[in-house]
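Quick notes on the structure that follows.
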Amino acid sequence: MDNVGRRGFLSEHGRVEWHELARRQHGVVARTQLLAIGLTRHQIGTLLGQGHLIRHRVGGVYRSAAAPSTPSAEAWSAVLATRAVLAFQSAADAWQDPVAGDGKLHVIPAGRRRIRMPAGVRVHRVALTDADVTERYGLPITTRKRTIIDCCGALRYPAARTLFDRSLQQN
């Protein structure tokens with residue numbers, strides 16, 4: 001039986017697109033992204049109901065049931081939920097710099113818009129230029145240079161000195 005075009009069923013094209021999108025983002029996808037590729041609210045509900053997608057603790061974000069929950073998936077969730085870039089200690093961790101985390105995911109939203117702060121996410125309100133933002137494995141993130149500057153301003157002196165010293169050795 002052909003389910004293409006029937007309400008509540010995904011076309012083969014739609015199924016491939018959302019799987020591919022989730023794969024590129026460590027199994028995480030935002031509701032807005034699913035709607036943008038042509039899925040309807042009903043189709044998203046069907047994916048949830050059939051267990052293909054799992055609601056994430058952060059609103060509007062889902063994880064593919066086939067994908068494990070990993071630190072990278074959590075970073076994607078924070079970025080997608082806040083429409084921000086990964087920053088500060090979280091960005092340092094992604095750049096593999098020696099910074100102790102505080103258990104939160106740190107992000108900087110674009111512009112001066114107000115956003116809801118999801119649990120476990122720390123939103124920093126600092127100005128960013130286009131030159132301060134890059135992608136690492138597709139994830140929007142502050143550049144390594146900007147990350148080190150931000151972290152040095154937020155860390156205690158010994159930790160900041162260690163981070164700065166290591167960055168000088170690597171560059």
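The values are calculated or read from the model by the stated rules, or taken from the named source; none is laboratory data. Quick caveat, the model's predicted, so the values are computed rather than measured. We place every Cβ from the backbone using ideal geometry, glycine too, and count neighbours over all the protein chains shown. We work out accessible area using only protein heavy atoms, side chains counted, and drop any ligands, DNA or RNA first. Shrake-Rupley method; radii C 1.70, N 1.55, O 1.52, S 1.80 Å.
Considering (1) open to solvent by less than 30 Å² (accessible area, probe 1.4 Å); (2) under 14 Å from the mean Cα position of the chain (by Cα), the lone condition that Ala67 does not fulfil carries the number (2).
Candidates in the stretch 72-101 are the residues that are in contact with a strand residue (DSSP E or B) (Cβ under 8 Å, 6 or more places away or on another chain) and charged (D, E, K, R); of these, the one that is modelled with the highest pLDDT is Glu74. Could you check how many residues of the stretch 70-89 are under 16 Å from Gly153 (Cβ atoms) and open to solvent by less than 10 Å² (accessible area, probe 1.4 Å)? Total meeting the criteria: 1. Sub-8 Å Cβ pairs linking a first residue in the stretch 91-107 that is free of Cβ contacts under 8 Å to residues at least 40 places away in the same chain to a second residue that is of a type in the set (D, E, K, R), at least 6 apart or interchain, are Gly101/Asp93; Asp102/Arg122; Lys104/Arg122; Leu105/Glu74; Leu105/Arg122; His106/Arg122; Val107/Arg122, ordered by first then second residue.
Do we have Gly120 as in contact with a Gly (Cβ under 9 Å, 6 or more places away or on another chain), farther than 15 Å from Ala92 by Cα and open to solvent by less than 40 Å² (accessible area, probe 1.4 Å) here? Walk me through how you get there before you give the answer.
Numbers: in contact with a Gly (Cβ under 9 Å, 6 or more places away or on another chain): yes; farther than 15 Å from Ala92 by Cα: yes; open to solvent by less than 40 Å² (accessible area, probe 1.4 Å): yes.
Criteria met by Gly120.
For the stretch 143-158, filtering for residues that are open to solvent by less than 60 Å² (accessible area, probe 1.4 Å) and free of Cβ contacts under 8 Å to residues at least 60 places away in the same chain leaves 6.
Restricting attention to the stretch 90-107, the residues being farther than 18 Å from Pro118 by Cα and surrounded by fewer than 24 Cβ atoms within 10 Å (Cβ to Cβ) number 7. Scanning the stretch 77-123 for residues that are among the small types (Gly, Ala, Ser) and assigned to a loop (DSSP other than H, G, I, E, B) yields Ala87, Ala100, Gly101, Gly103, Ala110, Gly111, Ala119, Gly120.
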